[in-house]
Amino acid sequence: MATLHLVLIEPQIPQNTGNIARTCAATNAVLHLVGPMGFQPDDKKLKRAGLDYWHFLDIRTYESTDRFFAENSGPFFFFTTKGKRIYSDCAFPDGAYLVFGREDRGLPEEMLLQHEETCLRVPMREGARSLNLSNTVALATYEVLRQWGFPELVSKGQLHRYTWPEDKVLP
């Protein structure tokens, strides 16, 4: 099983982190929370946004950015509105760490300068500041998983009260 790591540097909004935790649970991604955070890990808004998926999570916490980078070796990909490359033009290897910054100010520019080639951007219209953090994380996560062929994920759904006709070929 390939491993994908999602890293939140100093997340501030518990609902975003809860939504991202749910994405991690549904995709087998490892969630790394790097402090200081703008909420406590037992925040009820965090728990509610993550629903009842918490038992599926591999979640790791760090007191600081320095501690996180000391304990993890990458490869790291930094998602930022300041990136020069489009995220979908990048090939993500097994063990990739997708790094996201605070909702209110993103990742520190000093960090971005140290990793120019792996600073990635989601295209959007001019004048738009950014997408919601949990939306960006989901978009990036599924791009990586698409490239990897959605390993160990269920790709065919079933109806609850009916069954799909087996003789139809879908486009």
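Ordering THR65, HIS32, GLN114 by the projection of their Cα atoms onto the charge dipole of the range 5-147, which places +1 on the Cβ of Lys and Arg and -1 on the Cβ of Asp and Glu, puts HIS32 at the extreme positive end. For the pair SER64 and GLU152, label points projected 7 Å from Cα toward Cβ lie 3.4 nm apart. Here THR3, THR163, THR141 are placed in order of increasing Cβ neighbour count within 10 Å, fewest first, which gives THR163, THR3, THR141. The candidate values are [x] 12.4; [y] 9.9; [z] 10.9; the one derived from this structure for mean projected area of the Cα convex hull in nm² carries the label [x]. Taking a Cβ cut-off of under 14 Å around LEU98, the surrounding Lys, Arg, Asp and Glu residues balance to a net charge of +1, with basic ones at +1 and acidic ones at -1.
Placing +1 on the Cβ of every Lys and Arg and -1 on the Cβ of every Asp and Glu, with no other charges, gives the range 5-147 a dipole of roughly 500 debye about its Cα centre. In the chain, the calculated helix contribution to ellipticity at 222 nm averages -8000 deg cm²/dmol per residue, counting -39,500 (n - 2.57) for every DSSP H run with n ≥ 4. The C-alpha atoms of the chain define a longest principal axis, and helix 14-27 lies at about 50 degrees to it.
None of the figures in this text is laboratory data; all of them are computed from the coordinates on show. Bear in mind the structure is a predicted one, so any value in this text is a computation, not a measurement. Cβ atoms come from the backbone with ideal geometry, glycine included; neighbour counts cover every protein chain shown.
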